[in-house]
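What follows is one structure encoded as structure tokens, with my remarks underneath.
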Amino acid sequence: MIEKIALNSQSVTPTFARELVPPSRRFAASERLNQVPVFAVTSGKGGVGKTNIVANLAAALILQKQRVLVIDADLGLANLDLFLGVKPIYTLADFFAGLAGLDEIIIRTPAGILLLPGARGVQEVTALRSDQKIALLTEIDALGHEVDLVLVDTGSGISDAVTYFATSAQEIVVVVTPDPSSMTDAHALVNVLASGHREKRFYVLVNSVSDETEARQIFDILSRAALRFLNASLDFFGWIPRDPELTRAVARSQMVVIAASDAPATKAFARIAERVIQIGCSRSRIKGNVQFFFRRLLEGNRETR
């Protein structure tokens with residue numbers, strides 16, 4: 001059964017939400033949001049396991065006592081709900097249409113992860129009316145009391161929708177595999193984000209490798225190319241091994257973190273989860289937080305931060 005998340009706010013229609021939220025409470029929520037980092041997980045091409053990584057990483061973070069919100073921003077193929085074992089009734093598009101409040105859209109999965117389902121049409125948020133924008137930002141304020149971290153599952157490639165969500169997040173994680181085409185497309189994605197959107201810092205997560213040595217070799221190739229040709233800095237985020245347990249879990253639309261707690265892939269996700277927490281705690285909030293993430297999407301602002 002799908003459990004809706006009850007935000008710490010009054011149940012109001014989106015258009016009039018801001019009028020019914022006391023200023024003192026809005027201020028307190030905004031202060032809390034300064035501590036909530038947003039990680040966009042993206043890739044240069046499809047088929048690299050990005051969505052599966054987001055689902056398992058979220059589950060690993062939950063096991064480490066973190067409150068996690070995942071946003072399905074793959075507008076072309078929103079399927080994060082399958083891995084999380086839920087079937088959304090509403091999506092963010094319903095909020096913008098005035099059909100549902102954010103507390104009705106966000107659902108809690110069986111693993112305890114909060115999911116904000118995406119849908120086609122979300123890329124048109126820049127055309128929203130001012131009252132719709134204010135309504136969303138007001139309800140987003142309340143999320144600061146519900147989550148510690150936010151993971152955004154973007155689409156793949158270099159489309160406007162992908163760069164839109166990636167550049168709005170605080171941290172950008174690029175997923176890559178040993179496949180030469182994956183590495184080429186990852187470089188192309190970094191190129192677009194660095195040259196077209198002035199992003200200069202990226203994390204690289206290497207998936208489906210035999211060991212850390214292979215992962216580091218792939219990272220080194222990408223890092224040297226990015227530094228030489230793009231003047232961009234890549235940081236090693238972690239690696240996921242080729243693991244039969246992970247393959248079986250994917251075939252069943254399950255999370256290996258839940259299905260096989262002792263699997264090598266599960267242990268890898270635990271290490272990456274620790275890395276996420278470390279980064280979230282240590283980074284200065286130069287690029288913003290949950291509210292800034294949504295504000296940037298709504299305003300369509302792509303200027304350098």
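No value in this document is a laboratory result; all are computed from the given coordinates. Computed from a prediction, not measured in an experiment: that's the story for all the values here. Ideal geometry is used to build each Cβ from the backbone, glycine not excepted, and the neighbour counts take in all protein chains shown.
Can you compute the FRET efficiency between Asn231 and Ala259 using 1/(1 + (r/R0)^6), with r the Cβ-Cβ distance and R0 = 35 Å? Round to the nearest 0.05.
My answer for the efficiency is 0.25.
Just the number: Rg to Rh for region 223-271, Cα atoms, Kirkwood Rh, two decimals.
On the way: Rg = 15.4 Å, Rh = 12.5 Å.
Here the Rg-to-Rh quotient is 1.23.
State the extension gain, in nm to one decimal, for the chain segment bounded by Ser210 and Ser282, taking 0.36 nm per residue of separation less the distance between their alpha-carbons. Walk me through the intermediate numbers first.
Values: separation 72, 0.36 × 72 = 25.92 nm, distance 3.02 nm.
Between Ser210 and Ser282, full extension yields an extra 22.9 nm.
Work through the residues other than Pro241 whose Cβ is under 13 Å from its Cβ and net out their charges, Lys, Arg +1 and Asp, Glu -1.
Here the count lands on -2.
Hey, fewest Cβ within 10 Å first, where do Val206, Val276, Val192 land in order?
Details: Val206 28, Val276 25, Val192 20.
Arranged by neighbour count, lowest to highest, Val206, Val276, Val192 become Val192, Val276, Val206.
If neighbour count is taken as other Cβ atoms inside 10 Å, put Thr51, Thr91, Thr184 in order from fewest to most.
Details: Thr51 27, Thr91 22, Thr184 15.
Sorted ascending by nearby Cβ count, the order is Thr184, Thr91, Thr51.
Mind listing the Cα extents of region 135-282 along all three principal axes, in Å, largest one first?
43, 40, 29
Quick check: residue separation of Gln64 and His145 times 0.36 nm, minus the Cα distance between them. What number comes out in nm? Before the final figure, lay out each step's value.
Working: separation 81, 0.36 × 81 = 29.16 nm, distance 1.79 nm.
Separation in residues times 0.36 nm, less the Cα-Cα distance, equals 27.4 nm.
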